[in-house]
Every structure is written in structure tokens, then in C-alpha cells.
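Working notes, structure below.
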Amino acid sequence: MSQLIIANWKSHLSQAQALAWLDEWAKKWQPAAEQTVVVAPPFSLVGALDWYAAHQSHFSAEQQAAFKLAVQDLSPFPAGAYTGAISIENLQGFAVKYALVGHSERRRYFHETNQEVANKVEQALAAGITPVVCVDRDYLTSQAATLSSKEWAKCVIAYEPLEAIGTGSRQPAAEVEPVVAEIKAQFGKVPVVYGGSVDADSAAEYAGVVDGLLVGGQSLKPDSFNGIVKNFRK
Ligand code: PGA
């Protein structure tokens with residue numbers, strides 16, 4: 001089964017810091033078969049990462065093949081008069097393969113609703129971008145109801161229990177397992193990734209339980225992120 005490990009940089013890192021991260025990453029990271037590493041930088045750094053990843057003087061051919069770019073959010077609207085929003089048209093020309101949508105921080109601080117998340121899913125799918133829909137148990141069912149099963153079949157679902165995000169208090173894999181079953185019952189046989197305070201020491205525990213990980217804090221240093229990527233393989 002293929003694995004997906006996503007680094008969510010949130011609003012961290014300058015351009016210089018991001019390029020230094022990539023330089024270190026290119027030296028350390030040994031891609032494994034069936035494992036895809038995805039980085040979701042802030043919008044302002046998408047161009048720099050896209051350029052970096054496309055050059056074999058930076059990444060080997062093997063690294064290039066296993067590395068994908070994501071955005072952390074997407075406009076719920078098509079291109080138009082929506083100041084400040086990033087539409088799928090704005091992303092054309094960049095090799096963006098995934099879009100996080102409905103992250104709990106977007107729901108909490110930017111008051112995003114299930115319907116807006118559904119509109120973002122529609123936008124992403126129209127552009128051939130795979131939506132990574134972030135959910136917690138409370139709104140699993142209401143979020144599932146916003147789109148058709150045909151649409152959900154093209155998504156990745158990120159299970160992110162609120163109390164585990166950025167708190168250092170992850171949810172043990174044994175508790176994640178039944179929720180993964182619940183998610184598959186709601187959304188169909190979609191890939192499910194877990195996010196919430198995963199670090200290099202805990203990554204292996206989730207390997208047989210979920211199809212991947214969504215990593216925040218521990219993705220900001222190439223060393224700790226590489227530890228997660230390596231240990232999740234086991
Ligand atoms: P965390 O963040 O790893 O820092 O808990 C995960 C996320 O918000 O996606």
C-alpha cells in the first residue's frame with residue numbers, strides 16, 4: 001500500500017529558510033518505493049519550491065519522482081474578483097498535486113464551514129488536484145454529507161483530532177484505528193492519514209493503521225521530518 005507523508009509548514013519559514021530546508025532535505029532524504037513525500041508551504045513559497053524540485057541539480061531523479069507539492073488552502077471560488085484568495089487558475093503552471101482543505105485552524109480562525117470546504121474540494125478536483133480533507137470526529141458525518149461519493153472517492157481524508165494538533169499530545173494509534181474504520185464507512189475506501197503531534201519516535205506506531213501522516217511542528221526541521229518518514233516505513 002502506498003504511503004503519503006505530508007509536511008504542513010503552516011505560516012512558518014521565510015524563502016531563505018525554505019531553500020535551506022530543501023538543501024538539507026536533498027542531502028538526507030532517501031526515497032523508498034511506495035512512499036510519497038509532500039510539502040505544503042505557505043502560498044508565497046509555492047513558486048520557489050516548484051522551481052527547486054524541478055531541477056536535478058537539486059533533487060535526484062528518484063527524489064523528484066517521490067516529492068510532491070501541496071497548498072495549505074484554496075479559494076472556494078473560481079478565478080475572479082476575490083481579493084486575497086488563491087484560485088486554481090493562480091496555481092496553473094506549478095506542479096501542485098494536493099491541497100489541504102478544511103484544516104481545523106482554517107475552521108477555527110477563519111470560520112470555514114463544511115460547505116466552503118466542499119466548494120474547495122470541487123475547485124481542486126476541477127484542476128486535477130487531490131484534496132486532503134481534514135476532519136475531526138465531530139464533523140465527520142456533516143462534512144461527508146456535502147459532496148457525492150464519487151467526489152469523495154478522489155480525496156484523501158486527514159483525521160486530525162483537535163486536542164492532538166500542536167499540543168504534543170498525540171492520539172495513540174489504537175484509538176485512531178476505529179476512527180479510520182468510521183471514516184472509511186462515511187467516505188468510502190479513501191486513503192486516510194493521521195495528523196496531530198506525530199514525531200520520529202511515534203511515527204512507526206501508525207504505520208499499519210493509516211495510509212500516511214500529516215505533520216506540522218516536526219516537519220519544520222529536515223532532520224526530525226526525515227526521522228518520521230523513515231520510521232513510518234517500518
Ligand atoms: P502538529 O500539526 O504535527 O504540529 O500537531 C499537525 C497539523 O496541524 O496538521
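Is one or more of the residues making up segment 175-194 within 14 Å of the ligand (Cβ to nearest atom), surrounded by 19 or more Cβ atoms within 10 Å (Cβ to Cβ) and assigned to a loop (DSSP other than H, G, I, E, B)? Within segment 175-194, none of the residues are within 14 Å of the ligand (Cβ to nearest atom), surrounded by 19 or more Cβ atoms within 10 Å (Cβ to Cβ) and assigned to a loop (DSSP other than H, G, I, E, B). You will find that of ALA26, ALA32, the residue that is closer than 16 Å to VAL229 by Cβ, part of a loop (DSSP other than H, G, I, E, B), over 18 Å from the mean Cα position of the chain (by Cα) and not hydroxyl-bearing (Ser, Thr, Tyr) is ALA32 and no other. Based on this model, can you work out whether SER148 counts as farther than 20 Å from GLN3 by Cβ, away from the ligand (no atom under 11 Å from the Cβ) and without any contact (Cβ under 8 Å) to a residue 12 or more places away in the chain? Here the answer is yes, as SER148 does meet what is asked.
Given the structure, is ALA200 within 13 Å of the ligand (Cβ to nearest atom), closer than 29 Å to PRO76 by Cβ and either in contact with a strand residue (DSSP E or B) (Cβ under 6 Å, 6 or more places away or on another chain) or not in a helix (DSSP H, G or I) (or both)?
On the way: within 13 Å of the ligand (Cβ to nearest atom): yes; closer than 29 Å to PRO76 by Cβ: no; either in contact with a strand residue (DSSP E or B) (Cβ under 6 Å, 6 or more places away or on another chain) or not in a helix (DSSP H, G or I) (or both): yes.
No.
Take the residues of segment 143-170 that are more than 18 Å from the chain's Cα centre (by Cα) and within 16 Å of VAL192 (Cβ to Cβ): which is surrounded by the fewest Cβ atoms within 10 Å (Cβ to Cβ)? Restricting to residues being more than 18 Å from the chain's Cα centre (by Cα) and within 16 Å of VAL192 (Cβ to Cβ), the top hit is SER149. If only residues of segment 90-107 that are part of a loop (DSSP other than H, G, I, E, B) and under 16 Å from the mean Cα position of the chain (by Cα) are counted, the one that is nearest to SER11 (Cα to Cα) is HIS103. Number of residues in segment 44-64 that are surrounded by 15 or more Cβ atoms within 10 Å (Cβ to Cβ), in contact (Cβ under 8 Å) with a residue 40 or more places away in the chain and not β-branched (Val, Ile, Thr) equals 2. Among the residues of segment 152-160, is there at least one that is part of a strand (DSSP E or B) and in contact with a Cys (Cβ under 7 Å, 6 or more places away or on another chain)? Checking segment 152-160: at least one residue is part of a strand (DSSP E or B) and in contact with a Cys (Cβ under 7 Å, 6 or more places away or on another chain).
Across segment 65-113, the number of residues qualifying as surrounded by 18 or more Cβ atoms within 10 Å (Cβ to Cβ), touching a helix residue (DSSP H, G or I) at 6+ places or on another chain (Cβ under 9 Å) and not hydrophobic (A, V, I, L, M, F, W, C) comes to 11.
The residue that is nearest to the ligand (Cβ to nearest atom), among those in segment 207-225 that are part of a helix (DSSP H, G or I) and over 16 Å from the mean Cα position of the chain (by Cα), is SER224. Answer yes or no: is there a residue in segment 53-67 that is part of a loop (DSSP other than H, G, I, E, B), within 19 Å of PRO191 (Cα to Cα) and over 18 Å from the mean Cα position of the chain (by Cα). No, there is no match, as no residue in segment 53-67 is part of a loop (DSSP other than H, G, I, E, B), within 19 Å of PRO191 (Cα to Cα) and over 18 Å from the mean Cα position of the chain (by Cα). Looking only at segment 195-216, which residues are surrounded by fewer than 19 Cβ atoms within 10 Å (Cβ to Cβ) and of a type in the set (Gly, Ala, Ser)? ALA200, SER202, ALA204, ALA207, GLY208, listed by residue number. Looking only at residues in segment 1-31 that are within 16 Å of the ligand (Cβ to nearest atom) and surrounded by fewer than 20 Cβ atoms within 10 Å (Cβ to Cβ), the one that is farthest from VAL156 (Cα to Cα) is LEU13. Of all residues in segment 98-116, those that are acidic (Asp, Glu) have Cβ atoms under 7 Å from Cβ atoms of residues that are surrounded by fewer than 20 Cβ atoms within 10 Å (Cβ to Cβ) and assigned to a helix (DSSP H, G or I), 6 or more apart or on another chain, in GLU112/ARG106.
Each reported figure results from applying straightforward, stated rules to the coordinates on display, with no laboratory input. This structure is a prediction, so every number in the text was calculated from the model and none was measured. Note: ideal-geometry Cβ built from the backbone for every residue, glycine included; neighbour counts use all protein chains shown.
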